[in-house]
Amino acid sequence: MKQHWIKLTTVLMVGPAMLSGCIIRTRPAYYGTTVTSPNVVVAGGGNVIAGGGYASMLQIGGSQANFGYVTMGPGFTPDPVSVNVVSGGAMNARNMGLPGGCIGWVTRTPDYIVRFTGSTQRLRFFVTGSTDTTLVINAANGQWACNDDSYGSTNPTVDIFGAGPGQYDVWVGSYRQGQQAQAQLHMTELDYHP
């Protein structure tokens with residue numbers, strides 16, 4: 001059975017900024033370690049899976065994101081790239097057929113899209129904020145990586161080793177239903193963490 005995806009053509013990103021190695025477009029602001037696959041390490045014991053029925057619940061591979069997107073390649077600067085987001089949404093990741101580490105309340109649309117133009121040894125995603133947040137990531141290879149708590153905090157971290165070119169759809173969830181909080185999503189090739 002073939003699935004057909006309709007791409008949204010409305011571009012909601014504004015404010016492009018050219019940086020060394022990356023282009024960032026954003027929307028206004030209102031709007032121990034476990035190895036789980038040969039290429040993905042999720043700090044704090046999260047999970048990664050490939051395939052599943054959840055793909056119809058979350059918008060993947062599109063061009064629309066709640067807080068914008070970045071196009072960057074290996075050796076990008078500044079490092080880390082950080083973007084302001086608001087966590088949370090009306091959809092419970094726990095009920096999407098994802099493994100136990102994929103939890104939190106998210107929106108259907110990804111919060112941020114990373115378009116990576118090359119390969120790197122490790123691409124790390126992490127969130128900082130004052131509330132309990134989660135990460136749900138659909139990597140360029142189609143695998144899903146999720147995390148709740150890392151490095152002794154309520155901030156999540158996902159490391160993708162051998163990260164290749166393509167699109168990474170990222171959701172910053174809230175652990176508690178109905179909670180939306182200001183947070184920062186960070187992308188790095190270095191050893192930064194929450």
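General observations
- Flag if Ser130 is surrounded by 17 or more Cβ atoms within 10 Å (Cβ to Cβ), at pLDDT below 95 and more than 12 Å from the chain's Cα centre (by Cα): no
- Scanning the range 148-168 finds no residues that are closer than 20 Å to Ala90 by Cα and not in a loop (DSSP other than H, G, I, E, B).
- Listed by position, the strands (runs of 3 or more DSSP E) contained in the range 73-146 that have at least 2 residues being among the hydroxyl-bearing types (Ser, Thr, Tyr) are 120-129, 133-138.
- When the residues of the range 181-194 are filtered to those that are part of a loop (DSSP other than H, G, I, E, B) and at pLDDT 95 or above, the one that is surrounded by the fewest Cβ atoms within 10 Å (Cβ to Cβ) is Leu190.
- If you go through the range 113-131 and keep only what is within 17 Å of Trp144 (Cβ to Cβ) and of a type in the set (Val, Ile, Thr), you end up with Ile113, Val114, Val127.
The values are calculated or read from the model by the stated rules, or taken from the named source; none is laboratory data. Here the structure is a predicted model, which is why all the values come from computation and not from measurement. Cβ atoms come from the backbone with ideal geometry, glycine included; neighbour counts cover every protein chain shown.
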